[in-house]
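Reading through the structure tokens given below for one structure.
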Amino acid sequence: MKHIIRRNFTLIELISAAATLTMIAVTIGLVLSTVYNSWRRADAGHDRLSEKLRIDAIVNTAFKNAVPFNWKTPDLKNTLLFTGASDHLLLACLHRVTPDENAGIRFLKLYREDDKLIAAYQGTPILSWDEAPGDNLRTEVIVKGIANISFLCADIDKLNGSVQLFNQWDENKDYIPQGIQITIEWKNGEKESWFRRTAGNGHLQSFSLPKNF
């Protein structure tokens, strides 16, 4: 009759097995961490790209289609409905007719509220002197996570033809800017700008931007 001799693991064998298992666990952890970080960066990049596309859409829709539109003030003075301030913008722009909007012009206001870029719009004039919002006024959050926004309006110097940029458009002018720029400062420190020519100045076929633009 044969006897089976059972041999226990030595301490060195147990330490070696534990070390091997630890190395496998660390390797798996590093791989999972790398995959997660890569996914998180890709997801963040996708979100930022989506934000930029939304800004592109609003500037292409509003800035490139901005047109002059006059309205009478309460004292019956004929005035141009355009406000170009450093922190907000109010304009009229051409817009395709839809079942919800049967007018070919949309009136739009862009401004910052907390960390959001807000677009308020309607099919009837948004009056800078009327603080009460219209019944049909709609608001939409374009992007979040911004620290600041600023606007610049471009005008042509009639003497030398150069472009001048203003952070406050002169309301006494009877025309809208030749171009509009919006600059967005993100909370992560990044800063980006979008510049578009307006539709209401088609008689100016071309102009040169400043060298430091």
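Observations on the structure shown:
- Meets criteria (closer than 25 Å to Gln178 by Cα and in contact (Cβ under 8 Å) with a residue 60 or more places away in the chain) for Ile118: no
- For the range 142-184, the set of residues classified as buried (at least 16 other Cβ atoms within 10 Å of the Cβ) and of a type in the set (Asp, Glu) consists of Asp155 only.
- Residue match in the range 105-126 (condition: modelled with pLDDT under 85, assigned to a loop (DSSP other than H, G, I, E, B) and not hydrophobic (A, V, I, L, M, F, W, C)): no
- Ile146 vs. criteria of a type in the set (Val, Ile, Thr) and either at pLDDT below 90 or in contact with a Phe, Trp or Tyr (Cβ under 7 Å, 6 or more places away or on another chain) (or both): yes
- Scanning the range 1-41 for residues that are exposed (fewer than 10 other Cβ atoms within 10 Å of the Cβ) and either of a type in the set (A, V, I, L, M) or in a helix (DSSP H, G or I) (or both), we see that the one that is modelled with the lowest pLDDT is Met1.
- Among the residues of the range 72-87, the one identified as without any contact (Cβ under 8 Å) to a residue 60 or more places away in the chain and surrounded by 16 or more Cβ atoms within 10 Å (Cβ to Cβ) is Leu81.
- Any chance Ile184 is in a strand (DSSP E or B), closer than 22 Å to Trp71 by Cβ and modelled with pLDDT of 90 or more: no
The values are calculated or read from the model by the stated rules, or taken from the named source; none is laboratory data. Note that the structure is a prediction, hence the values are computed from the model and not measured. Ideal geometry is used to build each Cβ from the backbone, glycine not excepted, and the neighbour counts take in all protein chains shown.
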